[in-house]
Every structure is written in C-alpha cells, then in structure tokens.
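Read the figures in this text as sums done on the coordinates, not as results from a lab. As the structure is a prediction and not an experimental result, all values here were calculated from the model. FYI the Cβ positions are ideal-geometry reconstructions off the backbone, even for glycines, and counts take in every protein chain you see.
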Amino acid sequence: MTALTNGAGRTDVLNRLRRAEGQIRGVQRMIEEGESCLKIAQQFSAVRKALDSTYMRMTICFMEQEMDEHLRPDVSQKESLAAMLKDMETLMARMG
C-alpha cells in the first residue's frame, strides 16, 4: 500500500483535516447550546464540503506522486502532468 509521501501535499491534507475537525467541534457546540436545526444543518453541509475537498486534494496528490514514481517524467512532461492534474482537480470539484 502506498502512503502519501509528498511533503507539501501531506501538509495541505493534514491542515484541511484540522480545519474540518474544528468545524465538527463547532457543530457539537451548536447542538449542546441548542442552536436551530437549520443552522446546524448548514454547518454539516460545510463540513461535508470540506471533507470532500480534502479527499479530492489527497487523491490528486497521490496521483501526482504515483505518476512521478512510475513514469519518471522529464521537466517538460512534469509541467504538462501538473497542468493536467490541476484541470482534473477543477473538473472533479465541479462534479461534487
């Protein structure tokens, strides 16, 4: 099984997870304080979007890492692959 070893990607994913964790704590606090279900539902939606975005970012980082390892692209090919992955990430974000 391959781990996410890209340092910048790994840091980005961990930071996103920490933000989502804070959002979840906020939802818990809202429930404890008796906030309205509508406000809580809005926060649940925000948490889901944050987690979906984090999953997508991790997937793109993993794909980039695997392509670098298995294809061993030269500098020009790396630029093309980076552009393609950025486009894929944009397209995937629009699907969600």
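Does any residue of region 29-47 turn out to be small (Gly, Ala, Ser), at negative phi, buried (at least 16 other Cβ atoms within 10 Å of the Cβ) and in a helix (DSSP H, G or I)?
no
Conditions: (1) touching a residue at least 12 places away in the same chain (Cβ under 8 Å); (2) exposed (fewer than 11 other Cβ atoms within 10 Å of the Cβ). Leu51 meets all but one. Number of the miss?
Leu51 satisfies all of (1) touching a residue at least 12 places away in the same chain (Cβ under 8 Å); (2) exposed (fewer than 11 other Cβ atoms within 10 Å of the Cβ) except (2).
So the check is Cβ under 8 Å with 6+ separation or different chains; which pairs have a first residue in region 1-29 that's within 29 Å of Met67 (Cα to Cα) and a second one that's of a type in the set (D, E, K, R)?
The qualifying pairs are Thr2/Glu66; Leu4/Arg10; Asn6/Glu64; Gly9/Arg57; Gly9/Glu64; Asp12/Arg57; Val13/Arg57; Arg16/Arg57.
Are any residues in region 3-27 of a type in the set (A, V, I, L, M, F, W, C), over 23 Å from Ala41 (Cα atoms) and in a helix (DSSP H, G or I), and if so, which ones?
Matches in region 3-27: Ala8, Val13, Leu14.
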